[in-house]
Every structure is written in C-alpha cells, then in structure tokens.
Amino acid sequence: MLIEHYTYKPEDYDIEGLHKKSRRLFTDVIGRWEKDFHSKHPAFHANYLFGNQSAMSLIDRCFSFEDTNLRCGMEMIDGEINLDANMEIETYSDIQTVYGIDSAVMPDDTVLLLIIDNSLSNGTVLLKYIPDDDKNDDREDELKPENKVRVRG
C-alpha cells in the first residue's frame with residue numbers, strides 16, 4: 001500500500017466547492033493531487049481517496065449534490081472498507097452513495113473510490129494505492145458504472 005497526505009483549508013472554499021481566490025473546484029485540486037501521487041510513485045496510481053465527512057461534503061458541493069439524495073463517500077465500518085455492509089445500509093436509506101469519481105490520471109472507467117474516515121482531521125486527505133490482492137473477487141463488477149453511482153468530472 002502507498003499513501004500520500006494532502007492538506008487544504010476548508011474555509012478557503014465557497015458553497016459551490018470553488019476555491020475563493022483561484023476559483024478552482026476542489027475536485028480539480030484532487031486531480032492535481034492524483035498527478036502528484038503518480039509523479040512520486042510512477043508505477044502506481046491512487047485508487048482511493050480518504051477524507052472525513054467535511055471533505056466529502058466539499059466534493060458533494062462541487063457536483064451540486066446539496067439538494068439531492070446523492071452523497072459522496074463510503075463509510076468505514078470498524079475501521080475497515082466494507083462494500084457489502086455499505087450496500088446493505090444503502091438499501092434502508094433514502095441517501096444514494098456515490099462510491100467514486102473518475103480518476104484525473106487514469107483512462108476512462110477508472111474510479112477513484114471515496115472513503116469517509118472521520119478519524120482524519122479537517123483539511124486532510126489521503127490518497128492511497130491499495131492493491132487488489134483478490135483477483136477472483138466478484139464484487140469488482142458491483143462498482144462498474146452501470147451498477148453503482150459515480151460522477152464524471
């Protein structure tokens with residue numbers, strides 16, 4: 001697993017997810033971080049973004065999700081990523097989870113998975129490369145665009 005830490009100032013972003021001075025969307029900043037991650041680890045691309053609920057809400061604002069039932073980020077359960085439990089929870093909720101956004105550096109149909117980790121402080125995001133050790137994992141099909149919500153940036 002590879003991890004890079006990135007920081008931002010939440011108060012520097014407006015209600016639409018735009019940086020108040022540069023007018024750059026927070027999702028564009030994430031794209032720059034992805035490129036930085038890849039430059040530090042040329043053989044790898046980040047496949048997970050970890051941030052607290054505040055970071056996910058900022059991503060929501062970039063896509064104007066405030067008045068919808070869409071919310072970015074899969075909850076960690078007992079400190080672990082548990083897709084099955086999140087999908088089960090979603091069946092009982094009016095909220096539909098956006099599990100990932102398009103990667104800024106990988107080809108189309110490659111997703112940067114969004115993970116809510118409320119142990120992270122405000123203004124901190126982690127980009128991680130986590131290898132898929134189980135090539136026979138049938139849940140891979142569950143994250144295809146036609147099966148789950150994701151956002152193209």
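The values are calculated or read from the model by the stated rules, or taken from the named source; none is laboratory data. None of the values given here were measured: they were computed from a predicted structure. Neighbour counts run over all protein chains shown; Cβ positions are idealised from the backbone, glycine included.
Determine whether residue 34 is among the acidic types (Asp, Glu) and not in a helix (DSSP H, G or I).
Here the answer is no, as residue 34 does not meet what is asked.
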Test: residue in segment 43-56 that is farther than 21 Å from residue 120 by Cβ, part of a helix (DSSP H, G or I) and free of Cβ contacts under 8 Å to residues at least 24 places away in the same chain: no
Selection count, segment 95-117, where residues are charged (D, E, K, R) and in contact (Cβ under 8 Å) with a residue 40 or more places away in the chain: 2
Of residues in segment 32-42 being touching a residue at least 60 places away in the same chain (Cβ under 8 Å), over 18 Å from residue 10 (Cβ atoms) and not basic (Lys, Arg), the one surrounded by the fewest Cβ atoms within 10 Å (Cβ to Cβ): 41
Residue list for segment 81-104, restricted to those being under 16 Å from residue 26 (Cα atoms) and β-branched (Val, Ile, Thr): 101
Any pair with Cβ under 8 angstrom, 6 or more apart, that starts in segment 69-82 at a residue that is more than 14 Å from residue 52 (Cα to Cα) and in contact (Cβ under 8 Å) with a residue 12 or more places away in the chain and ends at one that is assigned to a loop (DSSP other than H, G, I, E, B) and not aliphatic (A, V, I, L, M): 69/94; 70/63
Any hit, segment 132-147, residues being of a type in the set (S, T, N, Q), under 27 Å from residue 40 (Cβ atoms) and at pLDDT below 90: no
Within segment 1-28, considering residues that are within 27 Å of residue 79 (Cβ to Cβ) and of a type in the set (Val, Ile, Thr), the one nearest to the chain's Cα centre (by Cα): 27
Segment 61-100, subset charged (D, E, K, R) and within 16 Å of the chain's Cα centre (by Cα), residue surrounded by the fewest Cβ atoms within 10 Å (Cβ to Cβ): 80
Enumeration of residues in segment 64-84 that are touching an Asp or Glu at 6+ places or on another chain (Cβ under 8 Å), of a type in the set (D, E, K, R) and outside any loop (DSSP other than H, G, I, E, B): 71
Residue in segment 10-25 that is surrounded by fewer than 15 Cβ atoms within 10 Å (Cβ to Cβ), on the phi > 0 side of the Ramachandran plot and free of Cβ contacts under 8 Å to residues at least 60 places away in the same chain present: yes
